[in-house]
Each structure stands twice: as structure tokens, then as C-alpha cells.
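Before anything else, here's the structure in question.
Here, each number is a calculation from the coordinates, and none is a lab measurement. Computed from a predicted structure; not experimentally measured. Counting neighbours? That spans all protein chains shown, and the Cβs are built from the backbone with ideal geometry, glycine included.
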Amino acid sequence: MDTGPAPADDDPAAPPRAVVIGVSIAVPDPYGKEIQDARDDFGDPLARSIPTHVTLLPPTEVAVADLPVVQRHLGAVAARHRPFRMLLLGSGTFRPVSPVVFVRIEEGMQECRQVEASVRSGPLARELNFPFHPHVTVAHNLTDEQLDRAHTEMKGFRAAFDVPGFSLYRFGADEVWRPLHAYTFGS
């Protein structure tokens, strides 16, 4: 069936042909808000546009037409894994390789690695710029002084919580990440 010409890529009124998605484990409140507030206080301009999370799939462009396939894949991934406990403890950094300070995952690291490998397969198979290292970012692309402060102030951070699943997020035109769908482990 012919529905007319395909929208031009440069037509701002045309629906998007592709979207940028990510998959992550949300850090629940009050811990998520505490980390987000700290990130904002350290001067990170992205603090309010990125929910506090552990990345399972970094920003990835997919065709809008492929979203149903991606969502079925993520549903199957969630069904194969079980809830687990996560303990966030202290701070770490990827400097000098990357200007990032993060909260370390003390418990739940292996489970994150297993879920990430499952997520980043099938229709979401892709190479990464760096080896996967589960973490919660608290400062990114800031001055050395700001990164030093974040590293020092987050050394005493501690949070423990259950991880029931993960979420698919979409990057909006306003540069804010919003959840599209939550996936519960074992369902």
C-alpha cells in the first residue's frame, strides 16, 4: 500500500526515522535523588537531564520501525534474569582515560555484567568504546577541581537496595532521558 513519499530527513515536521535509546538500572530514591543532587552541586550540567542509573546499553541509535523488535528482545532478556541486591559504596574514577567520577558498585557487579551482556546482544549487539564497568556517574566532563571534589565527597557514600529489573529510555529533543518501558526480572 502506497502512503505517499517518505518524509525527508531534513523536514522538521516529519516524524523521526530513528531515535536514541539507552537501557539502564535506575537507582531508586532516596539514593537516586541524593546522587542527582550531589551531581548538580558538583556543577555537572547534565545532572537534571539524566536519571541516576547504572548503564546497561549506552546511547544507541535505532530505527523507529525497529523499536518493537528491541522491546521484545528486552522483555526476553528480563525474563531470563532474577532480581538481585545492589550495594553502592564509595567513589572511583576513570581518570586519566575518561573525565568521570562515579559511585562504585560493591555488590551486584556480576549480575550487572550478566544482564548487560544479554541486553547488548541480538538486535542491540554493538561494540563499546570502553570495556563495560558497571558504575553510577556523579561527575562527567568537569574541571579537575570539580572532579577531585566529587571523588572526595562521595567516598563515604553508601546505599543498598533491591534491583527488580531495568528500563528502556529514550533521549528527547530537549536532551532529557525519559523512561519508555520498565522490564521486571523473571516475568
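How would segment 91-187 be classified by its alpha-carbon gyration tensor: rounded, prolate or oblate, with rounded meaning a/c under 1.5 and the a/b versus b/c comparison settling the rest?
prolate
Using modelled backbone amide H atoms (1.01 Å from N, in-plane), which distant-in-sequence or interchain residues come within less than 5 Å of Arg95's amide H?
Amide H to amide H, under 5 Å and 5 or more residues apart or across chains, Arg95 pairs with Val100.
Can you compute the helix-only [θ] at 222 nm over the chain? Use -39500 (n - 2.57) per DSSP H run of at least 4 residues, normalise by all residues, nearest 500 deg cm²/dmol.
When only DSSP H runs of four or more count, the value is -7500 deg cm²/dmol.
Could you list Thr137, Thr152 in order of exposure, starting from the residue whose Cβ has the fewest other Cβ atoms within 10 Å?
Thr152, Thr137
Only Lys, Arg, Asp and Glu count, each charged at its Cβ (+1, +1, -1, -1), so figure out the dipole size of segment 9-131 about its Cα centre, rounded to 20 debye.
About 520 debye.
Still on this model: Dividing the convex hull volume of the Cα atoms of segment 19-184 by its residue count, what figure in Å³ per residue is obtained?
104
How about segment 138-187: which trypsin sites (Lys or Arg not before Pro) there are in a DSSP loop, with at most 15 other Cβ atoms within 10 Å of their Cβ?
Answer in residue order: Lys155.
Same structure again: Against the longest alpha carbon principal axis of the chain, how many degrees, from 0 to 90 and to the nearest 10, is the axis of helix 144-153 turned?
On a 0 to 90 degree scale, this one is about 70.
Shifting gears a bit: Modelling each spin label as a point 7 Å along the Cα-to-Cβ direction, I'd like the His133/Lys33 distance in nm, to one decimal.
Placing both labels 7 Å along Cα→Cβ, they lie 3.1 nm apart.
In addition: What's the FRET efficiency of Ser121 with Arg170 using the Cβ-Cβ distance as r and R₀ = 22 Å, to the nearest 0.05?
Efficiency computed from Cβ-Cβ geometry: 0.60.
Sequence-distant or interchain residues sharing an amide H contact under 5 Å with His181, placed H: which?
Leu168
Any chance you could run the full-extension gain for Ser49 through Val62? It's 0.36 nm times the residue separation minus the Cα-Cα distance, nm to one decimal.
Difference between extended and current length: 2.6 nm.
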